[in-house]
Amino acid sequence: MLAGLTAGGIGGGVLLTRRSNSKLVIETGMPLGEPPLLTVRRLETGLVEAEIIASKITTRLAGLTVQALGYNETVPGATLRLQEGDRVRLTFTNHLDVPTNLHTHGLHISPEVDNPFVLVMPGESRLHEFTLPKGSAGTRWYHPHPHGEVATQQFAGLSGAIVIESPLDKIPELKAAEEHLLIFKDFTISNGRVDADHSLLDWFGKYGDLPLVNGAYQPQLIAQKLRCVCACSMPVTLDRTC
Ligand SMILES: [Cu+2]
């Protein structure tokens, strides 16, 4: 995966990439940052509303400024934090210039709501309405699911975490515990952009040059409680991705 990392350690180093065949001066060993929380509106009616927007963005990955695709203008996408029993009205808006859609990976909801065959065209929105049943608590994630384009769009940066809390999370000891969210995702960066090109050679999987955690290379963290999402691009065939 990595041809070599020289002059590394805390601060930075030169990464020789195999896939993009270039040298990258990257940031390493920095304190771990986490994706922002997605804004959630809890209405008096009991409904929970949120919006996820896919768009082209300029962002920072491993200390590099790059063009990528992001959800709510970040890579990884903003974290959607919900609770068991929530009645959710989730609006997905496509500000990309290509069709896409939204898949909520791991949620037990109707395929009529989470339908990978329904495309959201550029500039359009789609409403996902569902209820989170008892027992659905855990760490999930969301990503695009347009057939034939999943790997390309996901590799370009589109993925984010869904955290569903249960009543157990209100136990004082658990509530008081320090919690961190780690999203593992590999990237290839060349010419100032996330290179998401995908070929038949990649059909059984591919690795990006940069294995990142929350968009950082080898960040540092001392922690008690971790939530982890692997949004890596290796399992790209549909039956392995979902
Ligand atoms: Cu999935």
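Readers should treat all values here as calculations from the given coordinates under stated rules, not as data from a laboratory. Nothing here was measured: the structure is a model prediction, and the numbers come from that model. All Cβ positions, even for glycine, are placed from backbone atoms using ideal geometry, and neighbour counts span all protein chains on display.
Brief remarks follow.
- Within the stretch 2-235, percent of DSSP bridges classed antiparallel, to nearest 5: 65 percent
- Backbone amide hydrogens, once placed in the peptide plane, bring Phe187 within less than 5 Å of Gly208, Asp209, Leu210, Leu212, excluding anything fewer than 5 places away on its chain.
- The packing ranking of peptides 208-219, 101-112, highest mean first, is 208-219, 101-112, where packing means the average number of other beta carbon atoms within 10 angstrom of each residue.
- Per-residue extension of 0.36 nm, minus the Cα-Cα distance of Leu200 and Val98, leaves a gain of 34.7 nm for this segment.
- Here is how the number arises for the chain: DSSP H runs of 4 or more residues each give -39500 (n - 2.57), the sum is divided by the residue count, and the result at 222 nm is -1000 deg cm²/dmol.
- Inter-centroid distance (Cα atoms) of the stretch 100-120 relative to the stretch 178-207, Å: 22 Å
- Taking GluC sites (Glu not before Pro) across the stretch 145-234, the ones in a DSSP loop with at most 11 further Cβ atoms lying within 10 angstrom of their Cβ are Glu178.
- Of the residues Pro144, Ser199, Val113, the one whose Cα sits farthest toward the positive end of the charge dipole of the chain, with +1 on the Cβ of Lys and Arg and -1 on the Cβ of Asp and Glu, is Ser199.
- Gain in span if fully extended, Asn115 to Thr131, counting 0.36 nm per residue against the direct Cα distance: 4.2 nm
- Cα-based shape type of the stretch 101-228, given that a ≥ b ≥ c are square roots of the gyration tensor eigenvalues and the cut on a/c is 1.5: oblate
- Our analysis of the stretch 132-173 gives Rg over Rh at 1.20, with the two radii drawn from alpha carbon positions and Rh computed by the Kirkwood formula.
- Centroid-to-centroid separation of the stretch 142-163 and the stretch 28-68 [C-alpha atoms, Å]: 14 Å
- Across the stretch 35-79, Cα-Cα distances exceeding 13 Å account for 58% of all pairs.
- Translational diffusion coefficient of the chain (Stokes-Einstein, Kirkwood radius from Cα pairs, 4 °C, 1.567 mPa s): 69 µm²/s.
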